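Heads up, the thing below is written out as structure tokens.
The values are calculated or read from the model by the stated rules, or taken from the named source; none is laboratory data. Since the structure is predicted, the reported quantities are computational estimates derived from the model, not experimental observations. A quick note on method: Cβ atoms are made from the backbone with ideal geometry, for glycine too, and the neighbour counts reach across all protein chains shown. Note: areas computed on protein heavy atoms with side chains; ligands, DNA, RNA excluded. Shrake-Rupley method; radii C 1.70, N 1.55, O 1.52, S 1.80 Å.
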Amino acid sequence: MSRMWRIQDCLFGLHQIKGVGWHTIDTCIKLLGCEQLSAWLDRPGAEWVDAGFKPAYAQRLAGGYTTSHLQKRLELTYKSGIDWITMYDESYPECLKEIHEPPWVLYGRGSWSVAELYSIAMVGTRNPTVYGKTVAKSLSSQLTEQGLVVVSGLARGIDAASHEGALNKGQTIAVLGTSCDAIYPAQHNHLADKIAASGLVISEYPLGTPGHPGMFPRRNRIIAGLSLGTVVVEAAVRSGALITAQFALEASRDIFAVPGPVTSPKSAGTFELLKQGAKPVATAGDIVEEYVHLLTSLPQSYNNETVVDVKANEWLNDMEQLLFHIISGQDCSLDELFQQSGMPFADLHQHLLSLQIKKRIYEHQPGVYRSI
């Protein structure tokens, strides 16, 4: 008698196939339906084509979505000691479902319940100053003392300092840019073990996934998505930490920035965020005061309306006022704003980012903006 596979098992199986990414799995669910996924195990390529898949993807699915491959990958993951959950599990963080392309499957070590607690992301440069590391450790320690969980990316520099500070007083979550069996950097293996002992270490990448640079920026959406707000501690103008801040804005979460010396290139990125309206942070109190209404009540809602606080009197420059006026009338795509505003694209992007930080607009859909 053949085994009855759960939706979660089937989703895991699809996620294990090389060359099958987020959009292909999304297409599988839309074309086939969740309840029918188990019936498509071991189907030939021709049937996948008939179902509406392009031949190249049909062959990948036919070759990888098999009972034997699913059983092999389940056994491998189980023996590795890595746990996994899918978007259809109760333990999957609700706040993460609100981001663009939420992970279908998460792999991890530790307690998934930690991801259900209120969290603050802390990110920054991999090459911080002594000032940056000191502030990161102090802030994260203070935040966990207030009952918040600190989320970061286990990278060198500010990430590591944030995790270490959090472990002094409470729990922290590390979101990897690699699979769980390939901690990067390797010298953070011990830190990952300490985090997993009381918190959680997670990745969206199946075991054995070869690393490449694009995996790290993509994981930043998870860091931002797990958190009420993101604190950028120390970052240069082109720092990857600013990508996390952008993801936070797209998910209608708050942005905080630690002021630094104006002469330091390592603080140039945070200075730009502050100019655009990010809230300056000196102590954890500057962050916690934004969430008193959440931290003193039991319901754990990540509803955007509880996080967004429209500041009607906050000053806008002429270009921001123009864009806000255009968007206030109707939802506008990036192309429409480019045509109607007449701004160079680089300026347009900067002013849209500023309007999001000032909580006047948000990205309703990828590349489509709506006023708040």
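Helix 215-225 against the longest principal axis of the chain: what's the angle in degrees, Cα atoms only, rounded to the nearest 10?
It works out to around 70 degrees.
For segment 31-65 and segment 131-164, what is the separation of their Cα centres, given in Å?
Cα centroid to Cα centroid, the span is 45 Å.
Give me the dipole magnitude in Debye, nearest 20, for segment 108-204 about the Cα centre, with unit charges on the beta carbon: positive for Lys and Arg, negative for Asp and Glu. Could you put the intermediate results ahead of the total?
Numbers: 7 positive and 7 negative charges, 59 e Å.
Roughly 280 debye, rounded to the nearest 20.
Can you give me the angle between helix 189-198 and the longest principal axis of the chain, using Cα atoms only, in degrees from 0 to 90, rounded to the nearest 10?
90 degrees
So how far, in whole Å, is the C-alpha centre of segment 86-114 from the one of segment 329-372?
29 Å
How much mean residue ellipticity at 222 nm does the chain get from its helices, if each DSSP H run of length 4 or more adds -39500 (n - 2.57) and you divide by all residues, to the nearest 500 deg cm²/dmol?
Values: 17 runs with 162 residues, N = 372.
Estimated from H runs of four or more residues: -12500 deg cm²/dmol.
If I stretch the segment between Asn317 and Gln339 completely, what's the gain in nm (0.36 nm per residue apart, minus their alpha carbon distance), one decimal? Don't jump to the answer; show the numbers that get you there.
Numbers: separation 22, 0.36 × 22 = 7.92 nm, distance 1.95 nm.
So the chain would gain 6.0 nm between Asn317 and Gln339.
Would you mind working out the accessible area per residue for the chain, using a 1.4 Å probe, and quoting it in Å²? Show your work: numbers first, answer last.
Values: 16840 Å² over 372 residues.
Per-residue accessible area for the chain comes out at 45 Å².
Please work out the FRET efficiency for the pair Tyr88 and Glu289, using the Cβ-Cβ distance as r and a Förster radius of 51 Å; give the result to the nearest 0.05.
On the way: r = 36 Å, r/R0 = 0.71.
Calculated transfer efficiency: 0.90.
For Ser333, which sequence-distant residues (separation of 5 or more, or a different chain) have an amide H within less than 5 Å of its own amide H, given hydrogens modelled in the peptide plane?
Answer set, sorted by chain and number: Tyr369.
Could you give the length gained by full extension between Val49 and Met4, i.e. 0.36 nm per residue of separation minus their alpha carbon distance, to one decimal place? Present the calculation step by step, with values, prior to reporting the outcome.
Numbers: separation 45, 0.36 × 45 = 16.20 nm, distance 2.47 nm.
The Val49-Met4 span can extend by a further 13.7 nm.
Just to confirm a number: summing +1 for Lys and Arg and -1 for Asp and Glu over residues other than Arg43 whose beta-carbon lies under 13 angstrom from that of Arg43, what do you get?
Working: positive: Arg60; negative: Asp42, Glu47, Asp50.
Here the charged neighbours net out to -2.
With unit charges on the beta carbon (Lys/Arg positive, Asp/Glu negative), name the residue among Thr283, Leu228, Ser80 whose Cα is farthest towards the positive pole of the charge dipole of the chain.
So the residue furthest toward the plus end is Ser80.
Can you compute the modelled spin-label distance between Lys72 and Gln350, with each label point 7 Å from Cα toward Cβ, in nm?
5.3 nm
When the expected Rg is taken as 2.2 N^0.38 Å, what fraction or multiple of it is the alpha-carbon Rg of segment 1-128? If you can, show how the numbers build up before the last one.
Numbers: Rg = 16.6 Å, N = 128, 2.2 N^0.38 = 13.9 Å.
Scaled against compact globular proteins, the figure is 1.19.
Between Lys79 and Leu31, what length in nm is gained on full extension when 0.36 nm per residue of separation is reduced by their alpha carbon distance? Walk me through the intermediate numbers first.
Numbers: separation 48, 0.36 × 48 = 17.28 nm, distance 3.32 nm.
Length difference between fully extended and current span is 14.0 nm.
Is there a quick way to get the dipole size of the chain? I mean about its Cα centre, with the Cβ of Lys and Arg at +1 and of Asp and Glu at -1; what is the value in debye to the nearest 20? Don't skip to the answer; put the middle values down first.
Numbers: 31 positive and 37 negative charges, 210 e Å.
Computed about the Cα centre, the dipole is about 1000 debye.
Determine the alpha carbon to alpha carbon distance for each of Lys275/Lys359; Lys279/Lys359; Lys133/Lys279; Lys97/Lys169 and list only those over 18 Å. Before the final figure, lay out each step's value.
On the way: Lys275/Lys359 14 Å; Lys279/Lys359 12 Å; Lys133/Lys279 20 Å; Lys97/Lys169 28 Å.
In this structure, Lys133/Lys279; Lys97/Lys169 lie more than 18 Å apart at Cα.
Quick one: Karplus J couplings for segment 8-13, per residue in order, coefficients 6.51, -1.76, 1.60, θ = phi - 60°, nearest Hz, x for Gly and Pro?
Karplus-based 3J(HN,Hα) across segment 8-13 equals 4, 5, 5, 5, 4, x Hz.
Charges on Cβ only, +1 for Lys and Arg, -1 for Asp and Glu, centred on the Cα centroid of the chain; of Ala136, Leu207, Ile7, which one is farthest towards the dipole's positive end?
It is Leu207.
How tilted is helix 158-169 with respect to the longest principal axis of the chain? Cα atoms for both, answer in degrees (0 to 90, nearest 10).
The answer is roughly 90 degrees.
May I ask you to derive the relative contact order of the chain, considering only C-alpha pairs under 8 Å and at least 6 residues apart, and to give it as an integer percent? If you can, show how the numbers build up before the last one.
Details: 672 pairs, mean separation 46.4, N = 372.
12 percent.
Summing +1 for each Lys or Arg and -1 for each Asp or Glu, what net charge is found among the other residues whose Cβ lies under 11 Å from the Cβ of Arg126?
0
Return the equivalent ellipsoid semi-axes of segment 76-186 as a descending list in whole Å, where each equals the square root of 5 times an eigenvalue of the C-alpha gyration tensor. Spell out each step's value before the answer.
Values: eigenvalues 126, 55, 32 Å².
Its equivalent ellipsoid spans semi-axes of 25, 17, 13 Å.
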